[in-house]
Amino acid sequence: MGELHYIAFEDEADNIKEKVESYWTKRADSFFELRHDEIESTKSERWVKEISKLLPEGKALNILDVGCGTGYFEVILGRLGHKITGIDLTEEMVSKANEMIGIYGIDDNAKALIGDGENPDFEPESFDVVITRNLTWTLPHPDDAYKSWYKLLKKGGKLINFDAEYAKGAHNLKSPENLAHSQIDDALKDECHDIYHMLTISMLNRPDWDAKILDEIGFNNVNTDTDFGSRIFVEHDKFYIPDRMFSITATK
């Protein structure tokens with residue numbers, strides 16, 4: 001795998017996933033409220049517009065949302081008629097996601113399950129689309145995750161990943177500009193900061209690294225868009241984070 005072979009993801013601490021799960025368990029209630037408000041905001045129209053440009057056209061799709069959190073994509077994509085399954089490592093997040101799905105009455109199209117984003121437990125070639133938002137930066141073994149997602153996609157299926165280099169802007173957690181985290185106490189911000197710096201992915205140049213590993217795995221039409229976030233988070237409101245969100249798309 002060339003230069004990527006020497007990235008020592010296998011040396012990550014064994015307890016990183018436990019730390020990540022613990023952090024997001026504490027965040028579940030406030031995160032639910034924030035995502036519910038985002039569903040009701042103009043942000044959702046922008047997300048739907050941007051995602052719709054990336055999705056295969058003309059049919060209802062079977063979509064896997066990896067790291068579904070409290071069910072944001074389940075609602076906005078389920079309402080379009082797609083079948084969407086969300087997975088999350090954190091039991092409390094999955095419970096909140098299913099609560100969100102119930103609030104919007106899309107139980108026929110969407111569900112959330114407990115699952116490991118690096119190794120989702122589904123049959124190969126089960127999905128038309130694998131989508132994820134703000135997950136990859138938390139993964140101890142992102143290369144393994146990308147390989148797993150490749151296997152889960154049908155031939156011609158699409159990977160859509162939205163993420164940012166949050167660790168490189170870790171000081172932003174306590175910045176007045178970081179409005180999305182303004183209601184989080186400093187102890188949780190410090191906990192998040194510690195997670196950033198336990199992860200090898202925090203040191204990589206992204207999304208360039210992602211594009212290279214996706215190409216090596218066998219994905220086609222790998223594209224990155226570093227201006228994506230600026231089209232969604234236009235206003236400096238309670239959803240705003242100063243770190244630049246990018247998108248990565250690829251086809252199997």
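Read-outs throughout are calculated quantities, based only on the coordinates presented, and are distinct from any laboratory measurement. As the structure is a prediction and not an experimental result, all values here were calculated from the model. No Cβ is skipped: glycine too gets one built from the backbone with ideal geometry, and neighbour counts run over all protein chains shown.
Shown here is the pair-distance distribution of the stretch 117-167: with all Cα-Cα distances grouped in 5 Å bins from zero up to the longest one, the shares run 5, 21, 31, 24, 13, 4, 1 percent. A Stokes-Einstein calculation at 4 °C with viscosity 1.567 mPa s, built on the Kirkwood radius of the stretch 207-252 over Cα pairs, returns a diffusion coefficient of 110 µm²/s. Here the alpha carbons of the stretch 32-79 define both size measures, Rg and Dmax, at 11.1, 33 Å.
Secondary structure note: in the chain, about 35% of the DSSP beta bridges are antiparallel. Only DSSP H runs of four or more residues enter the estimate; each adds -39500 (n - 2.57), and after division by the residues of the chain the mean residue ellipticity at 222 nm equals -11500 deg cm²/dmol. In this structure, residue 194 and residue 227 have a Cβ-Cβ separation that, at R0 = 30 Å, corresponds to a calculated FRET efficiency of about 0.50. Step through the table entries 49/83; 96/154; 83/151, compare each Cα-Cα distance with 23 Å, and write down the pairs that go over it. Exceeds cut-off: 96/154. Debye-formula intensities of the stretch 82-124, expressed as log10 I(q)/I(0) at q = 0.14, 0.15, 0.24 Å⁻¹, are -0.32, -0.36, -0.81 (one equal scatterer per alpha-carbon, no solvent).
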